[in-house]
Amino acid sequence: MKLILIGFMGSGKTTISQFLGQQLAEPVLDLDREIERQQQQTIPQIFAQSGEKGFRQIEHDVLQQSIGFSGILATGGGTPLRADNLQLLRQAGVPVILLVASPAETYRRLQQQDNRPLGNKLDVAGIRQLQRDRQPFYDRCADVSIMTDDRTPAEITQEIIKYL
Ligand code: S3P
C-alpha cells in the first residue's frame, strides 16, 4: 500500500484516488467498489438486504483482505468507525490522508448521486452533526487533513503528493 484516503461521504476520496493513481502510476482500490464487486450488489442493495450492521461486517472483511494491496486505497466514509478497522488502517504503515469538506459543500455533492443510504436523507444540519460525531474517529486515524472545498482535484492531488 502506498497511501490510504479516509473521510466523510462526499469528501472526494474516490475522485482524488483516481487522480493520485494517474499521477503516481499506482493501482487504485476503492473499498466500496470492491465490496460491490464481491457481493454482486450495489451498496444500497446491501443496506436494504443486510442493514448497516451487515454492511459493516462485509466492509470489515473486505478491508482485511485488501490491506496488503500495493497501491492507493480509498475507504468508505464509515470505515474508520470500527476499532478493528482503525487498527488495520494504522498497521498498514502508510500515510493516512483525511479529506474534509464543509457540510454545505458535502450536501451539494451528495445531492448529485443517489447511492448513499446513510447520506442521501441528511440535510446540511444532519451532515454537520454526523461529521462532528465521526471526527474523533477520523482524527485517530489520520496523519494529515486536507480541506477540499475550494480546490480542484488536481490541486488537492499535488498537495497530497507533498506528504509522500
Ligand atoms: C458510508 C459511506 C459510503 C459507503 C456506505 C456507508 C458511511 O462510502 O461505504 O454508504 O457510513 O459514511 P463513501 O464515503 O465513499 O460515500
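A short reminder: the numbers here are calculations on the coordinates, not readings from a lab. In this text the structure is predicted, and so the values were computed from the model without any measurement. Reconstructed Cβ throughout: ideal geometry from the backbone, glycine too, with neighbour counts over all protein chains shown.
Report the charge-dipole magnitude of the chain in Debye, nearest 20, computed about the Cα centre from +1 at each Lys and Arg Cβ and -1 at each Asp and Glu Cβ.
On the way: 18 positive and 19 negative charges, 43 e Å.
For this selection, approximately 200 debye.
For n ≥ 4 DSSP H runs only, could you compute -39500 (n - 2.57) per run for the chain, divide by its residues and tell me the 222 nm figure to the nearest 500?
Numbers: 7 runs with 91 residues, N = 164.
That calculation yields -17500 deg cm²/dmol at 222 nm.
Got a sec to turn the phi values of the range 80-92 into Karplus ³J(HN,Hα) couplings, 6.51 cos²θ - 1.76 cosθ + 1.60 with θ = phi - 60°, whole Hz, x for Gly and Pro?
Taking θ as phi minus 60°, the curve returns x, 6, 8, 4, 5, 5, 4, 5, 4, 5, 5, 5, 4 Hz for the range 80-92.
Calculate the all-directions average of the projected area of the range 3-162's alpha-carbon convex hull, and give it in nm². The partial results should precede the final answer.
Working: hull surface 34.3 nm².
The orientation-averaged projected area of the Cα hull of the range 3-162 comes to 8.6 nm².
Rounded to two decimals, what is the ratio between the C-alpha radius of gyration of the range 1-87 and 2.2 N^0.38 Å? Intermediate results must be reported in sequence, preceding the final value.
Numbers: Rg = 12.6 Å, N = 87, 2.2 N^0.38 = 12.0 Å.
Scaled against compact globular proteins, the figure is 1.05.
To the nearest 20 debye, what charge dipole does the range 28-76 have about its Cα centre, counting +1 at the Cβ of each Lys and Arg and -1 at the Cβ of each Asp and Glu?
Numbers: 4 positive and 7 negative charges, 12 e Å.
That gives the range 28-76 a dipole magnitude of about 60 debye.
What dipole magnitude, in Debye to the nearest 20, does the range 123-164 give about its Cα centre under +1 on Lys/Arg Cβ and -1 on Asp/Glu Cβ? Don't skip to the end; give the middle numbers.
Details: 6 positive and 8 negative charges, 30 e Å.
Roughly 140 debye for the range 123-164.
Among the lysines, which have Cα under 22 Å from the Cα of K2 when same-chain residues fewer than 8 positions away are ignored?
K13, K162
Which is farthest toward the positive dipole end of the range 3-162 among Q111, T152, L5, measuring Cα position about the Cα centre, with Cβ charges +1 (Lys, Arg) and -1 (Asp, Glu)?
Among Q111, T152, L5, the one farthest towards the positive end of the dipole of the range 3-162 is Q111.
With a 10 Å Cβ neighbour count serving as the proxy for reagent exposure, in which order, fewest first, do M9, M147 appear? Write out the running numbers ahead of the final one.
Working: M9 23, M147 15.
Taking fewest neighbouring Cβ atoms as first place, the list is M147, M9.
Lysines near K121 by alpha-carbon distance under 19 Å, same-chain residues fewer than 8 away left out - which ones?
K53
Which cross-chain or sequence-distant (5 or more) residues have an amide H under 5 Å from the amide H of I6, H modelled 1.01 Å from N in plane?
I97, L98, L99
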